[in-house]
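The values are calculated or read from the model by the stated rules, or taken from the named source; none is laboratory data. Keep in mind it's a predicted model, so treat the numbers as computed, not measured. FYI the Cβ positions are ideal-geometry reconstructions off the backbone, even for glycines, and counts take in every protein chain you see. Heavy atoms of the whole protein, side chains included, go into the accessibility calculation; ligands, DNA and RNA do not. Shrake-Rupley method; radii C 1.70, N 1.55, O 1.52, S 1.80 Å.
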Amino acid sequence: MVSRGRRFVAARLAIAFEKSARRRRSGPGALIGSFIMADRVSLSIRLGGDLPAALRGELLACIQNEGLARDYDADAFTADDIPSDAPLSLYAHEVAWGRVDLLEGFCASHGLSYVRWSGGCAAPFGAERAVFNGAGEVRLFAADEDDRLVIDIDRVKRLGSHEAIMAYFAAGDMSVLPLRFLA
């Protein structure tokens, strides 16, 4: 008999493969025969802000479609997992290219702030932190595998001063507001 955990992992992998097929038709992650090749890493995302209650189901569908859960290797996300008046923290392993485009697009279009960490993949890309304050552009920051911001000597030279370097780190260490549903 297959355990519940293994069935869940298999279902998450099937979702990830399906998402990858929709995203990439050529280049890295392109279809090779009937298999999809993608660089897969762990990911965490915290999101928050004010959202009309009517969009709660749409948010839930985005989270479930991305295969995210309340903790790494946890059961599938349900409506009961949405916190009341706290940021929503979500996790997953084996995320294609360390991106959850559907959820991030939902957040951007509805003004929800988020901070996403994605692990690195040996050669293709390093770990990163994406920060979105609910408006404007997503800012990307280099990070390590423990979600700590890192900076190289070239960026230090470009920033030029201690104050600018500290402002860079402050921008990458944004606090996420609680997720609240408005009537």
Fill in: Subset tally (residues that are crowded, with 18+ Cβ neighbours inside 10 Å and either out of contact with any Asp or Glu (no Cβ under 7 Å at 6 or more places or on another chain) or closer than 17 Å to GLY105 by Cβ (or both)) for the range 63-80
5
Worksheet item: Conditions: (1) in a strand (DSSP E or B); (2) of a type in the set (D, E, K, R); (3) open to solvent by 20 Å² or more (accessible area, probe 1.4 Å). ARG116 meets all but one. Number of the miss?
Response: (3)
Worksheet item: Would you pick out the residues in the range 78-90 that are part of a loop (DSSP other than H, G, I, E, B), modelled with pLDDT under 95 and of a type outside the set (S, T, N, Q)?
Response: ILE82, PRO83, ASP85
Worksheet entry | Enumeration of residues in the range 130-183 that are among the hydrophobic types (A, V, I, L, M, F, W, C) and exposed (fewer than 11 other Cβ atoms within 10 Å of the Cβ) | ALA135, ILE153, ALA170, LEU182, ALA183
Worksheet entry | the range 61-73 residues that are over 11 Å from SER42 (Cα atoms), paired with ones that are open to solvent by 70 Å² or more (accessible area, probe 1.4 Å) (beta carbon under 7 Å, 6 or more apart) | CYS62/LEU102; ASN65/LEU102; GLU66/LEU102; ALA69/ASP75
Worksheet, complete the sentence: If we keep only residues of the range 46-62 that are of a type outside the set (A, V, I, L, M, F, W, C) and over 22 Å from TRP117 (Cβ atoms), then the residue least open to solvent (accessible area, probe 1.4 Å) is GLY57
Worksheet, complete the sentence: Checked pairs for the range 94-106, first open to solvent by less than 40 Å² (accessible area, probe 1.4 Å), second among the basic types (Lys, Arg) and in a strand (DSSP E or B), C-beta under 9 Å and 6 or more apart or across chains, list as VAL95/ARG40; ALA96/ARG40; TRP97/ARG40; GLY98/ARG40; GLY98/ARG116; VAL100/ARG116; LEU103/ARG116; GLU104/ARG116
Worksheet, complete the sentence: Filtering the range 81-93 for residues that are more than 19 Å from PRO178 (Cβ to Cβ) and buried (at least 18 other Cβ atoms within 10 Å of the Cβ) leaves a count of 1
Worksheet item: Has the range 150-165 got at least one residue that is closer than 17 Å to PHE125 by Cβ, out of contact with any Lys or Arg (no Cβ under 6 Å at 6 or more places or on another chain), in a loop (DSSP other than H, G, I, E, B) and not hydrophobic (A, V, I, L, M, F, W, C)?
Response: yes
